[in-house]
Amino acid sequence: MKRGLTALIVVGVLAFTSVLCFAAEEYKVGAVFSITGEFSSLGVPERNTVEMIVEEINSKGGINGHPLKVIIYDTKGNETECRTLVQRLIEKDKVLAIIGPSLSGTSLKVVPLAERFKVPLVSCAASVKIVKPVKKWVFKTPQTDTLAVERIYDYMQRHGIKKIAAIYHANDFGKSGLEQMKKLGPKYGISVIADESYAEATDVTSQLTKLKAREPDALICWDTSRGAAIVTRDTRRIGFDVPIFMSHGIASRRYIELAGDAAEGVIFPAGKLLVYDKLPDTDPQKSVLASYAKAYKERYGKDADTFGGHAWDALQLVIKALKEAGPDRAKIRDAIENTKNFIGTGGVFNFSPEEHNGLTKEAFVLIKIVNGKWTLLE
Amino acid sequence: MKLSYFLQYLASGITVGSVYALVALGFNMIYNATGIINFAQGEFVMLGGMTMVFLTGALKLPMWISFIVSVMSVTAVGALLERGAIYPLKGAPPITLIIITIGASILIRGASILIWGEDAYRLPGITGDRPIRVLGASILPQSFWVIGVGAILMGALQLFQRYTLFGKAMRASAADSEAATLVGISPRRMTLWSFAISAAIGSVAGIIITPIVFTHYNVGVMLGLKGFCAAVLGGLGSFMGAVVGGFLLGVLEKLAVGFAPIGYSGYENAIAFIVMLLILFLRPSGILGRGEVEKA
Amino acid sequence: MRNRDYLIFILILLGTGLIPLPLMPLEAGGFYIRVLTVILLYSIITTGLSLLMGYAGQISLGHAAFFGLGAYCSGLLAVKLPISPWLALPAAVAGTALVSYAVAIPVLKLKGHYLAMATLGFGEIVYVFLKELDWLTGDPAGLIGIPPFSLGRLSLISSESQYYMTWAFFSLVLLLSVSLINSRVGRALRAIHGDDLAAEALGVNVSKLKIQAFVLSAVYAALAGSLYAHFEGFIGYTTFNLMLSIKLVTMVVIGGMTNIWGALLGTAILTALPQFLTAFKDYEMVVYGAIMILVMLFAPRGLIGLILRRKRDEEAVA
């Protein structure tokens, strides 16, 4: 009798713990971001956002009862490093999907890996080349730099701006922006009459003086906050009084803090995150944006920015796919590809076999800086 | 080519040149006393700016106190570097010292990321940020401060080296450390002082250029390298050479960018190194140098 | 002496040749083999640097430039002309050799810190030019679409094939280097390291040998660059920066400049180490810098120096 009872208890405990183990099986997702290095302003909010989401999800019981684990690696903006880390995520850590990398250069580098090993990759980088031509296993969440340029050109066309000068940081981001500016110009009747770059932003008055001499109708600058702030300051300093347009790279408070008064009147495209409180309540993204912005601010004490938003979109897409399809790489990929009307921070996503970015230029709004604050222009 | 354009290039060149000059002064301080090239010099500049931002921003200390505390703490870092990593290695071959100072540079930058993160920061200019127009060119008021401080430091260092007992002791121990020991000078102490003073100079440079360049953890790298180019250009070991070299390098850079056809400014960074290579090939002692140059 | 060197060479050859075998069936095997491939690839470069620094007594803080020139040259030839990667490789190596020769002549007249800075300056100049090369490569980030090596119909893109191809070149490079060290040329190099003037007095053509050592090390680096380009399919200019040059020199110095095996040891440790330190990712720079300082303080002859400390070693050059 006693032995029978003991046996029953043992079996019961075994069954219970095995159910627990089975139920506690983690869903592993990989993430690679440029957390240190030149582009840390992208990687850090991305990492912060991911950690925040993981905590939140797991506190609510995980995905269908499975805890979510995101393994985050730092690429330092280095392509060789990134490729090794992605291979590590795929083969050693055996993740179900990968989000990131933060940069176009690193993303392009690992696209062949995703294709070869058949792992869904949701990049957080800007370049349109990541998804065009379409690759089966590769998606991306940020609006492309193409969309950013188009948004600006669209505005310019309606305001009679025809000749523009461009100044950019001589790195991946800036050069890619210039490429798009030149390519898309003819479509909107806009010509880039002169372009200059800088390697170190300390004083760019020489470059700006040359551009000023060409008398353009407007100036576009393609860089992230620090360099863009120096450009803005120097442009105003030399009396170069044309409208200044910027890239979505300045979508952070830091730009305004550094540029000060010179930033007055600067116009740039950005995801709606920056001005979520100024959106009409009927905007489908408003509640998602508001809850992300508040949660991020509460957790980290800083304003959320669009880079973190791209990571939010990427991870949420994967989570949604996991919920629907379970821990299978191919099924996750299919689920992402079939996602429609996904409300993210970057826009409302509609994926399809031909469209792996899922956004249109409506995903961008144009923001104008007035009195040191972001205002919704259109 | 309008005159005002040329003047703007010149003004721009003088602005960055004064930054290079300050960095070069720091290099020369250590080189004069020890013959070592300190690859971490740029980090002293970075630390100066970052600590100043931290003290005035996060701790909200008044300007003057922050300035003194900043300079003192970076000086302490310089002394620590010397005692910890240089002092134990007297007589080591150049490669060892190079690796050590590069290692120190990496370590300081890594620590900076841990403490302050990767963001860029700014300080207000001492006399404000409204640009001043001079003959059609626009100059930031802070630039005058940078030039002024550079000139004062150069003058002070020259006087120090030539007329004070301490300064002469430093030159003596660099020229011949054995002989110096015989007359009661401690070369080891001189080395320590040279690092400390160099760190102080670097931090002052860092503090006054922050309103112009917006400091961040990586700002010291290029400034350090170009500062070294400036030092070589002017002549390693000569304080006046550092200043001349700095301004000359800055002006050359900005004039080259200005006169280059549109679209070629991306090569800007190469200019400093091309200049340095040319000087090393053609006249290694630099424009004003009288120091020894090891040639094969 | 020479027998021992060749013995070590054979051991290393066998060791590196066999090590992938137990790894291949593992699930993460491809990843481990990739790390080993990177180690061998960098070892090709550091072997050359070891000859230059440890034996000929020079310094180069710009070797990433030769690595990059080899990669870009090979990649561009294969993409633009196009020619087969098997032809692009020797062409790239030859081209880089010419460049390094032209650079060596004026640069190697300098010594000590000046030489270090001159090579650093050269490296930076090349970096800027590679960065501004998008008019040629067609892409702002670098060069895309570089074809892989292929044997007949088989493209060498698997981790294993790339590893063994690297291994083959690594073995050649190592054999060449070991033979060189044990020849008259090797002894002449070591004489230069010891004392230039004395060597000259003994009839050694100092400047010619220095230049040859420099060019050889550049050739090794270019070779590694070409392999890298065709393995990765996409190269970005950001790879070939000052930090890489510093890392390469650090590998040689930390491993030990007194002999070639030091370079291999240093390369293996510094390449594999970050993989183990991923838990400390935020501290990586601090740890790296600290390692550089600590090793120089406590093991100035490098880690090999620690191992060989007991033995009287003729090869130990100060």
Problem - Sequence-separation-based contact order of chain C, relative, with Cα cut under 8 Å and 6+ spacing, percent - result: 31 percent
Problem - Average beta-carbon neighbours from other chains, 10 Å sphere, peptide C:22-32 - result: 3
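Could the peptides C:29-42, C:283-296, A:178-191 be put in order, highest first, of the mean number of other beta-carbon atoms found within 10 Å of their residues? It would help to have the intermediate numbers written out before the result.
Numbers: C:29-42: 22.4, C:283-296: 20.2, A:178-191: 16.7.
In descending order of packing, they fall as C:29-42, C:283-296, A:178-191.
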Exercise for the section: Report the equivalent ellipsoid semi-axes for chain A in whole Å, largest first, defined as the square roots of five times the eigenvalues of the gyration tensor built from alpha carbon atoms. Expected result: 44, 20, 18
Problem - Listed residues C:A263, C:A92, C:A28, most fluctuating in chain C (Gaussian network, C-alpha, under 10 Å) - result: C:A28
Problem - Volume per residue of the C-alpha convex hull in region C:17-60, rounded to whole Å³ - result: 63 Å³
Problem - Positive minus negative residues near B:F259 (Lys, Arg vs Asp, Glu; Cβ under 14 Å) - result: 0
Handout entry: For B:124-134, mean number of other protein chain Cβ atoms within 10 Å
Key = 2
Problem - Over region A:177-221, equivalent-ellipsoid semi-axes from the Cα gyration tensor in Å - result: 21, 13, 6
Completion exercise
With Cα springs under 10 Å, the Gaussian network model of chain C assigns the largest mean-square fluctuation among C:A222, C:A191, C:A97 to C:A191
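Let's see if you can work this out: charge +1 on each Lys and Arg Cβ, -1 on each Asp and Glu Cβ, no other charges. What is the dipole magnitude of region B:3-282 about its Cα centre, in debye to the nearest 20?
Working: 14 positive and 9 negative charges, 86 e Å.
It works out to roughly 420 debye.
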Problem - q = 0.12, 0.21 Å⁻¹: log10 I(q)/I(0) that the Debye formula gives for region B:127-182, counting C-alpha atoms only - result: -0.50, -0.79
Practice task
Pull up the cross-link candidates among the lysines for C:K109, meaning alpha carbon to alpha carbon under 19 Å and not fewer than 8 places away within one chain.
Solution key: B:K295, C:K208, C:K210
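According to the Kirkwood expression over distinct Cα-Cα pairs, how big is the hydrodynamic radius of region C:91-167, in Å? Write down the numbers at each step before the final one.
Numbers: mean 1/r = 0.0632 Å⁻¹.
Averaging 1/r across every pair of different Cα atoms and inverting gives 15.8 Å.
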Exercise for the section: Calculate the mean, over all residues of peptide B:201-213, of how many other protein chain Cβ atoms lie within 10 angstrom of the residue's Cβ. Expected result: 1
Handout entry: ³J(HN,Hα), Karplus 6.51/-1.76/1.60, whole Hz, each residue of region C:228-243, x for Gly, Pro
Key = 4, 4, 6, 6, 7, x, 8, 10, x, 4, 4, 5, 9, 9, 4, 4
Practice task
With N denoting the number of residues in the protein assembly as shown, provide Rg(C-alpha) divided by 2.2 N^0.38 Å, to two decimal places.
Solution key: 0.96
Handout entry: Three semi-axes of the equivalent ellipsoid, region A:260-301, Cα gyration tensor, whole Å, largest first
Key = 22, 16, 7
Exercise for the section: Run the numbers on chain A and let me know its relative contact order in percent, using alpha-carbon pairs under 8 Å that are six or more apart. Expected result: 16 percent
Handout entry: Long-range Cα-Cα pairs in region C:34-84 (distance over 17 Å), rounded percent
Key = 51 percent
Fill in the blank from the handout: Treating every alpha carbon of region A:170-283 as one equal point scatterer without solvent, the Debye formula yields log10 I(q)/I(0) values at q = 0.15, 0.22, 0.24 Å⁻¹ of -0.67, -1.34, -1.52
Practice task
Determine the dipole magnitude for the protein assembly as shown: charges of +1 sit on the beta-carbon of Lys and Arg, -1 on that of Asp and Glu, nothing else is charged, the reference point is the Cα centre, and the result goes in debye to the nearest 20.
Solution key: 900 debye
Completion exercise
Expressed in angstrom and rounded, the centroid-to-centroid distance over alpha carbons for region A:124-159 and region C:185-264 is 44 Å
Practice task
Go ahead and set up a Gaussian network model of chain C, Cα springs under 10 Å, then flag whichever of C:V185, C:V126, C:V253 fluctuates most.
Solution key: C:V185
Problem - Cα-only Debye scattering, region C:2-241: base-10 log of I(q)/I(0) at q = 0.16 Å⁻¹ - result: -1.16
Handout entry: Sequence-distant residues sharing a close amide H with A:W222 (under 5 Å, placed H)
Key = A:I167, A:Y168, A:H169
Problem - In region B:3-282, lysine pairs closer than 29 Å at Cα, eight or more apart or cross-chain - result: 4
Problem - region B:129-180 versus region B:11-34: alpha-carbon centroid distance in Å - result: 8 Å
Problem - Evaluated over region C:172-318, the Cα radius of gyration and Dmax, each in Å - result: 17.5, 55
Completion exercise
Averaging 1/r across every pair of distinct alpha carbons in region C:246-300 and inverting yields a Kirkwood hydrodynamic radius, in angstrom, of 11.4 Å
Handout entry: Helix-only [θ]222 nm of the protein assembly as shown, DSSP H runs n ≥ 4, -39500 (n - 2.57) each, per residue, nearest 500
Key = -20000 deg cm²/dmol
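Relative to the compact globular guide of 2.2 N^0.38 Å, what is the alpha carbon radius of gyration of region A:296-378, as a ratio? Before the final figure, lay out each step's value.
On the way: Rg = 15.7 Å, N = 83, 2.2 N^0.38 = 11.8 Å.
My calculation over the Cα atoms of region A:296-378 gives 1.33.
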Fill in the blank from the handout: Amide H proximity to A:V29 below 5 Å, modelled H, separation 5+ or other chain, gives A:K69, A:V70, A:I71, A:L96
Exercise for the section: Indicate, rounded to the nearest 5 percent, the antiparallel portion of the DSSP beta bridges found entirely in the protein assembly as shown. Expected result: 40 percent
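Summing Lys, Arg as +1 and Asp, Glu as -1, what charge do residues with Cβ under 12 Å from the Cβ of C:L209 carry, C:L209 excluded? Before the final figure, lay out the partial values.
Working: positive: C:R184, C:R187, C:R190, C:K208, C:K210; negative: C:D196, C:E200.
Net charge around C:L209: +3.
Highest mean first, what order results for B:10-17, A:293-300, B:168-175 on Cβ atoms within 10 Å?
B:10-17, B:168-175, A:293-300
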Fill in the blank from the handout: Computed on Cα atoms, Rg of region B:64-223 relative to 2.2 N^0.38 Å comes out at 1.23
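So what is the relative contact order of chain B, in percent, for Cα pairs below 8 Å that sit 6 or more residues apart? Please list the in-between numbers first.
On the way: 486 pairs, mean separation 107.8, N = 296.
For chain B, the relative contact order is 36 percent.
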Completion exercise
Here region C:42-56 yields Karplus 3J(HN,Hα) values (6.51, -1.76, 1.60; θ = phi - 60°; whole Hz; Gly and Pro given as x) of 5, 5, 4, 5, 6, 4, x, 5, 5, 4, 6, 8, x, 9, 7
Exercise for the section: Would you mind listing how long region B:3-282 runs along its three principal axes, going by Cα atoms, in whole Å with the largest first? Expected result: 59, 50, 34
Handout entry: Spatial extent of region B:137-264: Rg and Dmax, with the Cα atoms as the point set, Å
Key = 17.6, 61
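How large is the convex hull of the Cα atoms of region B:1-105 per residue, expressed in Å³ as a whole number?
Numbers: hull volume 15.6 nm³, N = 105.
Enclosed volume per residue, from the Cα hull, is 148 Å³.
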Completion exercise
Note, B:P88: beta-carbon cut-off 11 Å, +1 each Lys/Arg, -1 each Asp/Glu, net +2
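Coordinate-derived values only; no laboratory data. Please read all numbers here as calculations on a predicted model, not as lab measurements. Cβ sites come from the backbone with ideal geometry, for glycine too, and all protein chains shown count toward neighbours.
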